[in-house]
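Here's the structure, in structure tokens; my notes come after.
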Amino acid sequence: MAKFFFSLRLQEAISSIPVMKMLVEQAEANISRAIIDADKPEAVESGEFPDEQHHEDGRITTFPSTYYSCGSCFGYDEDEVRSEYKHLIAQLTRRSVFLTIFGLFEHRMVDCLALMDDLSSKTTDKTRKTIEDCHKRLKRNFGGKSIKDVDHLAVIRNIMAHSDGVAEDYKTLSCKKTKKTEYEKRLLRAIPRAMAENAGVSINMFNDILMDDRFLMYAVGEFERYVNELNTAVRTYQSRLT
């Protein structure tokens, strides 16, 4: 009879998924409320400031000009200011939550890497371990070659955390004929994969990565898939040892 195998690290990884789902649901609810509030007449404030007009004869005349504000957004057109605020609050909220749940996922995966190192008597000789290290161990020693990585989400996470959501030179790289760096290859794999999997990700003409209301739950779904497959692989490996 096989010996029962229990790992707190695996259990914590599995238990983190409902927490992520709760954060995502709350975030999307907050976005919906913020958008509804932004449509209220009192959401946009207006004011006047003295503007100047320069004439051909050298004269300068002043006249009152109206500006509008909604939250931290300012402009001369009320509808544009309102729309910009809605866009900003949705993107920043999703970015913040994505960074939070990705950090939680990475923490749990590094814990699982330590577990796999212990079980396989291997060593990951790095001070700062990553999800990529976990995936390497999973493939090399735990029969996880068929398990899809989450590298596309790691790339998007890095863009959100370090480049203010801008995939710099993405459009240019897409047409680049010369040899690409490893990072460039990762970037050119990540965005198309996310789009192909209907992740709710798009990229505009300025290379800004935009997230719609599908993205956060898609990310949690990917994390859940990966955790479940890792859990199965580790348990299968352990059962063969006993």
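Just so you know, all these numbers are worked out from the coordinates, no wet-lab data involved. These numbers were taken from a predicted model, which means no experiment stands behind them. Note that we place each Cβ from the backbone using ideal geometry, even for glycine, and neighbour counts take in every protein chain shown.
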Quiz item: For the chain, modelled as a GNM with alpha-carbon contacts under 10 angstrom, which of 95, 186, 108 fluctuates the most?
Solution: 186
Quiz item: Under the Karplus relation 6.51 cos²θ - 1.76 cosθ + 1.60, θ = phi - 60°, what is the ordered set of whole-Hz ³J(HN,Hα) values for the range 144-160, x standing for Gly and Pro?
Solution: x, 5, 8, 7, 6, 6, 10, 5, 4, 6, 5, 5, 5, 4, 5, 5, 5
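Sort the following peptides by mean Cβ neighbour count (other Cβ atoms within 10 Å, averaged over residues), highest first: 112-125, 142-155.
Numbers: 112-125: 15.3, 142-155: 18.0.
Listed from highest to lowest mean packing, they are 142-155, 112-125.
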Quiz item: Between rounded, prolate and oblate, where does the range 3-109 land on the alpha carbon gyration tensor, with a ≥ b ≥ c its root eigenvalues, rounded for a/c under 1.5, else prolate if a/b exceeds b/c?
Solution: prolate
Quiz prompt | Net charge over other residues, Cβ less than 15 angstrom from the Cβ of residue 17 (K, R count +1; D, E count -1) | solution = -3
Quiz item: Once you list every other residue whose beta carbon is under 14 Å from the beta carbon of residue 118, what net charge do they have if Lys and Arg are +1 and Asp and Glu are -1?
Solution: +2
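Quick one: longest stretch of the chain between exposed loop GluC sites (Glu not before Pro), exposed meaning at most 15 other C-beta atoms within 10 Å and loop per DSSP? Please report the intermediate quantities before stating the final value.
Working: sites that count: 56, 168, 197.
By the stated rule (loop sites, at most 15 other Cβ atoms within 10 Å), 57-167.
For the chain, what is the charge dipole size about the Cα centre, in debye to the nearest 20, if Lys and Arg each add +1 at the Cβ and Asp and Glu each add -1 at the Cβ?
Working: 35 positive and 38 negative charges, 534 e Å.
Computed about the Cα centre, the dipole is about 2560 debye.
Taking square-rooted eigenvalues a ≥ b ≥ c of the alpha carbon gyration tensor, is the range 104-162 rounded, prolate or oblate, where a/c under 1.5 means rounded and, failing that, a/b exceeding b/c means prolate?
Judged from the Cα gyration tensor, the range 104-162 comes out oblate (a/c at least 1.5, b/c at or above a/b).
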Quiz item: Considering the dipole of the chain built from charges on the beta carbon (Lys and Arg +1, Asp and Glu -1) around the Cα centre, which of 173, 44, 183 is farthest to its positive end?
Solution: 183
Practice problem: Write down the percent of antiparallel bridges among all DSSP beta bridges whose residues are both part of the chain, to the nearest 5. | Solution: 100 percent
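With charges set only on the Cβ (+1 for Lys and Arg, -1 for Asp and Glu), what does the dipole of the range 120-241 come to about its Cα centre, in debye to the nearest 20? All intermediate terms of the calculation are to be shown ahead of the outcome.
Values: 24 positive and 17 negative charges, 179 e Å.
The dipole magnitude comes to about 860 debye.
How high is the relative contact order of the range 137-242, given as a whole-number percent (alpha carbon pairs under 8 Å, six or more residues apart)?
Working: 87 pairs, mean separation 34.4, N = 106.
Dividing the mean separation by the residue count of the range 137-242 yields 32 percent.
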Practice problem: Describe numerically, in nm with one decimal, the distance between label points set 7 Å from Cα along Cα→Cβ at residue 66 and at residue 118. | Solution: 6.7 nm
Quiz item: Are there chymotrypsin sites (Phe, Trp or Tyr not before Pro) in the range 51-103 that DSSP puts in a loop and that have at most 11 other Cβ atoms within 10 Å, and which ones?
Solution: 76
Quiz item: In straight Cα distance, which lysines are under 24 Å from residue 171, not counting same-chain residues fewer than 8 positions off?
Solution: 179, 180, 185
Practice problem: For the range 3-83, state which trypsin sites (Lys or Arg not before Pro) are in a DSSP loop and have at most 11 other beta carbons lying within 10 Å of their beta carbon. | Solution: 3, 59
Exercise. List, in order, the whole-Hz ³J(HN,Hα) value for each residue of the range 19-34 obtained from phi through the Karplus relation with A = 6.51, B = -1.76, C = 1.60 and θ = phi - 60°; use x for Gly and Pro.
Key: 5, 4, 4, 4, 4, 5, 4, 5, 4, 5, 5, 5, 5, 4, 5, 5
Quiz item: Taking only C-alpha pairs under 8 Å that are 6+ residues apart, what is the relative contact order of the chain in percent?
Solution: 21 percent
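Summing Lys, Arg as +1 and Asp, Glu as -1, what charge do residues with Cβ under 11 Å from the Cβ of residue 35 carry, residue 35 excluded? The partial results should precede the final answer.
Numbers: positive: 33, 40, 82, 86; negative: 28, 37, 39, 213.
So the environment of residue 35 carries a net charge of 0.
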Quiz item: Leaving out same-chain residues fewer than 8 places away, which lysines sit with a Cα under 17 Å from that of residue 129?
Solution: 139
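Report the relative contact order of the range 58-155, percent, no decimals, based on alpha-carbon pairs under 8 angstrom and at least 6 residues apart.
Reported relative contact order: 14 percent.
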